[in-house]
Amino acid sequence: MLAALSAFEKFLMRWTMRAAMALLVLACIVSFYQVITRFVFEEPSTWSEVTARSIDIWMVYLGVAVAFRQGALITVEFVHARTSGTARVALVAAITGLSLGVLAVIAWAGWQMVGRAQFQMLAGVDNPFTGEGISIAWVYAAIPVGAVLSMVGLLARAAEEIAAARRHEPVSTAPQEVYEV
């Protein structure tokens, strides 16, 4: 059972990282297009700025989930390095519990924002297939999606850290090969 959950988590985080990287490339392309149309052709695009901003928001929320998984966020490194065994397990559990609480509030508030914004449309951006506007709720959806993915990454990292603390081993802070493309 744990092996299946671990495999699912690695698969999920791998694709989350790939999506964040693809969005970074897309944001660069859209931003480059915006600069060219604005400063070279002197005919600014109506959709490129809001599209680049929306892509950036999704990229950040997906990227932070992978950062939680890799343990790349700011931690209590000084205390963490000087504890072992039960004390480290308690520290990891406390940090994980607090982080889960914050992420749950973010997910809930993000979900509320998606509901409130579902009838607001992005300025200057239309659906190319229907010609109708695109709801800003799609941008706000990055908040709860990113928070839930962050929870998955946080729990997986905490499980690794607790298992390592029980074996009296250090946990690697280097990026893991599982996220390579």
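Derivation of every value follows stated rules applied to the coordinates shown; laboratory data play no part. Note that the structure is predicted; figures quoted are calculated from it, not measured. Here the Cβ is made from the backbone with ideal geometry for all residues, glycine too, and neighbour counts use every protein chain on show.
Once both labels are positioned 7 Å from their Cα atoms along Cα-to-Cβ, the gap between VAL102 and GLN120 label points is 2.5 nm.
Can you give the extra length, in nm with one decimal, that the chain gains between CYS28 and ALA94 once fully stretched, where that is 0.36 nm per residue apart less the Cα-Cα distance? Let's see the in-between values first.
Details: separation 66, 0.36 × 66 = 23.76 nm, distance 3.87 nm.
Additional length available on full extension: 19.9 nm.
What is segment 1-73's relative contact order, in percent, from Cα pairs under 8 angstrom and six or more apart in sequence? Present the calculation step by step, with values, prior to reporting the outcome.
Working: 49 pairs, mean separation 29.6, N = 73.
Once normalised by length, the contact order is 41 percent.
Across segment 2-171, Cα pairs under 8 Å and at least six residues apart give a relative contact order of 29 percent. Across the options PHE8, LEU62, MET113, the greatest Cα extent toward the positive end of the charge dipole of segment 2-171 (unit charges at beta carbon of Lys, Arg, Asp, Glu) belongs to PHE8.
Axis angle, to the nearest 10 degrees, between helix 85-116 and the longest C-alpha principal axis of the chain: 20 degrees. Between ALA7 and ALA81, the contour length at 0.36 nm per residue exceeds the alpha carbon distance by 23.8 nm. Just going by the charge dipole of the chain, with Lys and Arg at +1 and Asp and Glu at -1 on Cβ, which of PHE129, ALA141, VAL35 is farthest out on the positive end? Of the listed residues, the answer is ALA141.
Taking the Cα centre of the chain as origin, sum charge times position over the Cβ atoms of Lys and Arg (+1) and Asp and Glu (-1), and report the length of that vector in debye to the nearest 20. Let's see the in-between values first.
Values: 12 positive and 13 negative charges, 137 e Å.
Charge dipole of the chain: 660 debye, to the nearest 20.
Enter the Cα centre distance for the pair segment 72-94 and segment 24-56, rounded to the nearest angstrom. Going from one Cα centre to the other spans 43 Å. Going from the residue with the fewest nearby Cβ atoms within 10 Å to the one with the most, MET21, MET151 rank MET21, MET151. Note on the chain: GNM, Cα springs under 10 Å; of GLN34, GLN120, GLN70, the largest mean-square fluctuation is that of GLN120.
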